[in-house]
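Asks: My questions will all concern the structure given below.
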Amino acid sequence: MSFSPDSTESLARARADLRMGVPVVLMSGHKGALVLAAETLTAARLAALLAMHGEAALTITSRRAETLKARAYDGDIARIALPSDAALGWVRAIADPADDLRTPMKGPLTTLREGATHLHRAAIALAKAARLLPAALVLPLSDPARFADEHQLTTASAEVALTQDLAPLNPIISARLPLEVSEAGRLHIFRPDDGAEEHYAIEIGRPDRASPVLARLHSACFTGDLLGSLKCDCGPQLRGALAQMGAEGAGVLLYLNQEGRGIGLANKMRAYSLQDQGFDTVEANHRLGFEDDERDFRIGAEILKRMGFSSLRLLTNNPAKVARMQETGLDVVERVPLKVGENRFNHHYLATKAKKSGHLL
């Protein structure tokens, strides 16, 4: 019997290490690379990296590269050659668009076009999974296993970091929870095997598993759901969906911990700051290095299946959610509109969702 972590558990450790600023070693077969998250990098560790032999690269996404006018020879990522005199401020400026308008010229930037990119791509995936800015310093190592052992660093599989498979979701507990909209409420907790955030299902009444259930996939929004933010329509949608389920006597609301369209609260606030500079929500995400939407709606589909549902009436204005549910094998018999919460602060935000993300508003 082994007490050592498996590949999934090692990846969870690697995410936590990057968030703390601790380097990790990504492995692919006998090859490997030292990886440091740009956001949590320290001057001391940058100096140590620059003192090592090898071709270190500051890896960013093609979205961020487009903003910086850097050539992305590798398709979805770009590897910027790390200058021998690189300073911490320079690395942060490449990774974080906060001062782009004040100092738009970051270069000249030399991007690499030769060599393998598998480990660099895995480093970006790991940074995203850690809810950090998608930028990482990557240095190939000649003996990665030995280096990790000497420096007591976590090693993780690049293949696991890049996998598109959904981590199994385990039902942990459910308990009765009387709510304002219905005294017949029940909260279910689901925990993924990969150490990521837990997700919740709020069941109203006793929905018939043999009939289409009124359901909503609601992504967590701390600012809208808890603080009553007027920048989005999330809070009104949450309360409106629960109210409709309470009025009908049955339904399931999935509360998925995918804040900020899957980029995390800190990065969402970075996007808000960029919006204050005049960029819309999609442009802000791109400048940060993210896609329009980084969420994985398969999580919601898996929870519904675990709860015994196979068909649903989906409360949403987003056709992409309908498509994702159908792709997983769930039968969406009806899209139920949920048009609430528009105000003078979020008018342009909603218009962007309609124009660029296809929401039916």
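The values are calculated or read from the model by the stated rules, or taken from the named source; none is laboratory data. Note that the coordinates shown come from a computational prediction; the quantities given were computed from them, not determined experimentally. Here the Cβ is made from the backbone with ideal geometry for all residues, glycine too, and neighbour counts use every protein chain on show. Accessible surface areas use protein heavy atoms only, side chains included; no ligands, DNA or RNA. Shrake-Rupley method; radii C 1.70, N 1.55, O 1.52, S 1.80 Å.
Asks: Calculate how many DSSP beta bridges within the chain are antiparallel, expressed in % of all such bridges and rounded to the nearest 5.
Replies: 70
Asks: Evaluate the charge dipole of the range 13-142 about its Cα centre and quote only its size in Debye, nearest 20, assuming +1 on the Cβ of each Lys and Arg and -1 on the Cβ of each Asp and Glu.
Replies: Dipole of the range 13-142, to the nearest 20 debye: 280 debye.
Asks: How large is the charge dipole for the chain, taken about the Cα centre, if only the Cβ atoms of Lys, Arg (+1) and Asp, Glu (-1) carry charge, to the nearest 20 debye?
Replies: The calculated dipole for the chain is roughly 680 debye.
Asks: Working only with C-alpha atoms, what are the Rg and Dmax values of the range 160-305, expressed in angstrom?
Replies: So, for the range 160-305, Rg and Dmax equal 16.5, 50 Å respectively.
Asks: Would you kindly derive the ³J(HN,Hα) couplings of the range 65-70 from the backbone phi angles with the Karplus curve 6.51 cos²θ - 1.76 cosθ + 1.60 (θ = phi - 60°), listing them in order in whole Hz, with x for Gly and Pro?
Replies: Going residue by residue, I get 4, 4, 4, 7, 6, 9 Hz, with x marking Gly and Pro.
Asks: Whole number please: convex hull volume per residue, Cα atoms of the range 287-361, in Å³.
Replies: Here the figure is 110 Å³ per residue.
Asks: Limiting things to C-alpha atoms, what are the Rg and the maximum Cα-Cα separation (Dmax) for the range 221-318, in angstroms?
Replies: 15.3, 46
Asks: Now, a different point. What number comes out for accessible area per residue over the chain if the probe is 1.4 Å? Units Å², please.
Replies: About 48 Å² of surface per residue is accessible.
Asks: Anything over 22 Å Cα to Cα? Flag those among K128/K268; K69/K231; K106/K353; K305/K339; K69/K321, in the order listed.
Replies: The answer is K69/K231; K106/K353; K305/K339; K69/K321.
Asks: Also, quick follow-up: Suppose a student asked you for the relative contact order of the range 214-299, using Cα pairs under 8 Å spaced at least 6 residues apart; what percent would you report?
Replies: With pairs under 8 Å counted, the relative contact order is 29 percent.
Asks: Please list, ordered by chain and number, the residues whose modelled amide H lies under 5 Å from the amide H of L214; skip anything fewer than 5 residues away on the same chain.
Replies: Sorted by chain and number, the residues that satisfy this are V252, R313.
Asks: So for the range 1-129, taking the charge dipole from beta-carbon charges (+1 Lys/Arg, -1 Asp/Glu), which of G89, A122, H30 sits furthest toward the positive end?
Replies: G89
Asks: Going by amide H atoms built from the backbone, whose H comes under 5 Å of the H on V332, apart from near neighbours?
Replies: L312
Asks: Let me ask something else about it. Roughly how far apart, in whole Å, are the Cα centres of the range 235-258 and the range 147-204?
Replies: Spelled out, the Cα-based centre of one part sits 20 Å from the other.
Asks: Which distance in Å, rounded to a whole number, links the C-alpha centroids of the range 1-18 and the range 64-112?
Replies: 31
Asks: Next question. Pull up all non-local amide H partners of T154: gap of 5 or more, or a different chain, and H-to-H distance under 5 Å with H placed in the peptide plane.
Replies: V25
Asks: Still on this model: Among N317, V340, T281, which residue has its Cα furthest toward the positive end of the charge dipole of the range 257-361, with +1 on Lys/Arg Cβ and -1 on Asp/Glu Cβ?
Replies: Projecting each Cα onto the dipole axis, the largest value belongs to V340.
Asks: When the accessible area of the range 124-167 is computed with all protein chains present and a 1.4 Å probe, what percentage of it is carbon and sulfur?
Replies: Roughly 44 percent, rounded to a whole number.
Asks: Now, a different point. How large is the charge dipole for the range 79-207, taken about the Cα centre, if only the Cβ atoms of Lys, Arg (+1) and Asp, Glu (-1) carry charge, to the nearest 20 debye?
Replies: 280
Asks: Determine the calculated [θ] at 222 nm for the chain from helices alone, applying -39500 (n - 2.57) to every DSSP H run no shorter than 4 residues and normalising by the residue count; nearest 500 deg cm²/dmol.
Replies: -10000 deg cm²/dmol
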